[in-house]
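The values are calculated or read from the model by the stated rules, or taken from the named source; none is laboratory data. What you see is a predicted model, and the numbers here were worked out from it, not measured in a lab. So basically every Cβ, Gly included, is an ideal-geometry build from the backbone, and we count neighbours across all protein chains shown.
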Amino acid sequence: MTDVIDAHDLRKQFASRGGPIEAVRGVSFAVSEGEIFGFLGPNGAGKTTTLRMLTTLLPIDSGSATVAGLDVAREPENVRKRIGYVSQLGGADDLATGRENLQLQGRLYGRENDYVAARVDELLTLLDLSSFADRRVKTYSGGQRRRLDVGLGIVHGPEVLFLDEPTTGLDPQNRANLWEHLRRLRERGTTILLTTHYLEEADALCDRVMIIDHGEIVAEGSPRELKREVVGDSVVLRVAEEGDGHERARALLTTAPFVSSVTQADDDQLRCYVEDGASALPELLRLLDSQRVGLRSISLSEPTLDDVFLAKTGRSLRDGGPAAREEVTA
Amino acid sequence: MKLARDTALLCRRSTLENLRNPVWLFVGFSTPLLYLALFTPLLKNIPYVGGTDVLDHFLPAILALLAWGSGTAMGFGTIFELQAGVVERFRVTPTSRLALLLGPLVSGLGWMFLFDLLLIGVGAAFGFHVHVAGLLVLGVLLGLFMLSMAGFSVAMALLTKEISSFAAVINGLNLPVLLLAGVLLPISIGPDWMKVLAHFNPLYYLVTAARSLGVGTFSGGATWQAFAVLVPLAAITLTWATRVYRRAVA
């Protein structure tokens with residue numbers, strides 16, 4: 001397989017009142033033909049900035065990138081012909097119909113009327129937009145509008161499609177529906193690069209995921225590989241008694257041989273990573289019981305991409321930011 | 001070729017958008033119409049400017065006012081399209097960058113000329129004497145000025161990026177520019193310091209030329225003075241706007 005996107009040490013700084021902000025600090029990665037590749041990270045991680053550099057919308061400060069075999073900085077015009085981009089805003093004309101939006105977009109790619117008309121019909125069918133293609137876009141629901149946005153991005157049959165937070169604001173049903181459409185596009189040979197801050201989206205949709213935080217790559221691989229990397233399962237427990245029970249439990253677990261790491265998950269919760277939950281749980285209970293540490297609750301879960309993020313950054317992606325209070329590694 | 005094709009596509013789009021949300025067209029056209037209807041009667045009884053041919057002097061100035069208004073309003077559309085993601089959607093296509101700027105401008109120019117014709121038609125019904133040759137030359141000046149102000153307005157919109165600062169700039173300029181141009185009453189009846197100040201206002205040259213061309217007078221210097229000011233002005237503002245546009249949407 002050939003690399004359709006190849007990025008080397010991409011960097012971007014923005015000026016601000018408090019001095020320059022390094023939005024992207026040396027990001028390198030490659031995406032193969034026909035992959036769905038996801039940037040996963042919290043808001044402000046540098047996902048959109050990276051995407052905008054790759055799509056010619058933002059000059060690259062340093063580093064280089066090729067898309068569809070073309071250098072983004074040197075041949076922006078030719079890159080534009082071969083990529084599609086759907087921004088967070090979409091940007092369809094509200095007052096025009098879906099069909100009119102698609103037709104104009106197709107013509108702006110330099111295609112002739114006949115070609116565009118046929119292609120638009122094809123897209124309307126592909127994206128289930130036919131029944132309201134001639135209604136004004138302002139009457140569309142969120143899911144319908146998002147599918148139209150995708151249509152605007154692929155009207156010229158691009159090799160690579162870039163999507164910035166494609167399902168933000170959609171309900172779960174519409175989200176799953178859009179995933180289905182994106183998978184269908186991939187089957188037709190389109191390489192897809194998307195940004196998301198939804199763990200489920202990265203997990204369910206992407207072949208490979210790059211986790212990005214503070215402008216740097218934290219981890220990269222298939223969702224399965226990444227989850228395997230954090231070794232095993234996580235056990236979340238809450239200690240029942242007042243006083244030093246919590247501290248004693250943490251001290252015990254930190255030194256226990258079958259626990260690979262312990263983090264403070266919430267105010268009164270401890271999260272331990274264990275290699276194999278099913279065998280570690282009884283040992284863990286025995287250990288705590290032997291030292292007379294009572295429990296209010298205990299739960300075992302298979303790792304999620306959030307665990308990967310937590311293990312790599314010490315923060316949870318779900319609450320989007322504040323650093324975990326403490327981290328103890330065995 | 002590509003520039004012309006892309007400009008035509010985007011001009012058509014802007015025109016359709018205007019037709020589908022005609023409230024702005026209505027506002028744009030009703031302002032000069034209201035001036036004609038509600039200000040002309042006052043002028044009739046004022047010495048120096050009044051008299052029976054009052055429309056011959058006043059209507060051309062209103063056309064100049066419309067050019068100012070049509071031009072400076074263009075940036076509002078730019079800000080809306082920036083915020084709605086429309087500009088970005090077009091930028092990732094291989095569309096000519098200059099066409100992205102020119103498409104809406106050409107559409108705005110078309111609307112202005114249509115309104116000019118309507119105003120002349122209405123004026124003629126109430127006694128305005130139509131001098132075709134003079135009005136054709138005036139049309140060139142109106143177009144130059146409208147495009148200059150549109151270029152300025154779009155560039156300001158791209159620099160300010162949000163509606164309140166942009167509106168502050170445009171509204172802040174509006175009144176001094178109008179008062180110092182002699183749109184409502186000619187500057188020639190004012191004191192000397194006003195006449196001096198007016199010479200720094202490009203709209204003044206357009207209004208003065210319009211009053212003269214409106215009655216079919218080509219001599220007297222007003223017309224060539226207007227060309228001498230407005231041609232470089234258009235060159236400067238459009239070059240500047242293109243540069244701002246290229247930098248903002250490279």
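Residue by residue through segment A:200-238, note down the ones that are at pLDDT below 85 and among the aliphatic types (A, V, I, L, M). Residues satisfying the conditions are A:Val230, A:Val231. Among the candidates B:Leu3, B:Leu66, the residue that is part of a helix (DSSP H, G or I), more than 9 Å from every other protein chain (Cβ to nearest Cβ), of a type outside the set (D, E, K, R) and under 30 Å from B:Phe128 (Cα atoms) is uniquely B:Leu66.
Looking across A:Arg99, A:Arg146, one residue alone is within 27 Å of the chain's Cα centre (by Cα) and more than 8 Å from chain B (Cβ to nearest Cβ). It is A:Arg146. Cβ-Cβ contacts under 6 Å between residues 6 or more apart (or on different chains), taken from a first residue in segment B:173-201 that is buried (at least 18 other Cβ atoms within 10 Å of the Cβ) to a second residue that is among the small types (Gly, Ala, Ser), are listed as B:Leu180/B:Ala198; B:Val183/B:Ala61; B:Ile187/B:Ala198; B:Asn201/B:Ala181.
None of A:Leu51, A:Leu40, A:Leu70, A:Leu58 is more than 8 Å from chain B (Cβ to nearest Cβ), in contact with a Phe, Trp or Tyr (Cβ under 9 Å, 6 or more places away or on another chain) and surrounded by fewer than 23 Cβ atoms within 10 Å (Cβ to Cβ) except A:Leu51. Taking every residue in segment A:138-158 that is assigned to a loop (DSSP other than H, G, I, E, B) and pairing it with any residue that is among the hydroxyl-bearing types (Ser, Thr, Tyr), at least 6 positions away or on another chain, the pairs with Cβ-Cβ distances below 6 Å are A:His156/A:Tyr109.
Any residue at all in segment A:61-81 that's closer than 20 Å to A:His214 by Cα and part of a loop (DSSP other than H, G, I, E, B)? The answer is yes; a qualifying residue exists.
Here B:Gly143 meets the list (1) within 14 Å of chain A (Cβ to nearest Cβ); (2) in a helix (DSSP H, G or I); (3) surrounded by fewer than 23 Cβ atoms within 10 Å (Cβ to Cβ) almost entirely, failing just condition (1).
Results for (1) closer than 28 Å to B:Leu233 by Cα; (2) without any contact (Cβ under 8 Å) to a residue 24 or more places away in the chain; (3) more than 14 Å from every other protein chain (Cβ to nearest Cβ), shown as yes or no for each residue.
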site	(1), (2), (3)
B:Gly77	yes, no, no
B:Ala84	no, yes, no
B:Arg97	yes, no, no
B:Phe115	yes, no, yes
B:Gly127	no, no, yes
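Applying a threshold of 7 Å to beta carbon distances and a minimum spacing of six or more residues, or different chains, the list of pairs starting in segment B:38-60 at a residue that is closer than 16 Å to B:Gly121 by Cα and ending at one that is at pLDDT 85 or above and part of a loop (DSSP other than H, G, I, E, B) reads B:Leu55/B:Phe126; B:Leu55/B:Gly127; B:Leu55/B:Phe128; B:Asp56/B:Phe128; B:Asp56/B:His129; B:Asp56/B:Val215; B:Leu59/B:Phe128.
Those strands (runs of 3 or more DSSP E) of segment A:162-269 in which at least 3 residues are out of contact with any Leu (no Cβ under 8 Å at 6 or more places or on another chain), considering only elements entirely within it, cover A:216-221, A:259-266.
Here's the yes/no breakdown for (1) surrounded by fewer than 20 Cβ atoms within 10 Å (Cβ to Cβ); (2) more than 25 Å from B:Ala4 (Cβ to Cβ); (3) more than 8 Å from chain B (Cβ to nearest Cβ); (4) under 26 Å from the mean Cα position of the chain (by Cα):
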| position | (1), (2), (3), (4) |
| --- | --- |
| A:Lys81 | yes, no, no, yes |
| A:Gly90 | no, yes, no, yes |
| A:Gly110 | yes, no, no, no |
| A:Val116 | no, no, yes, no |
| A:Thr125 | yes, yes, yes, no |
| A:Glu159 | yes, yes, yes, yes |
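Note on segment B:6-35: residues that are loosely packed, with under 15 Cβ neighbours inside 10 Å and within 20 Å of B:Ser96 (Cβ to Cβ) amount to 0.
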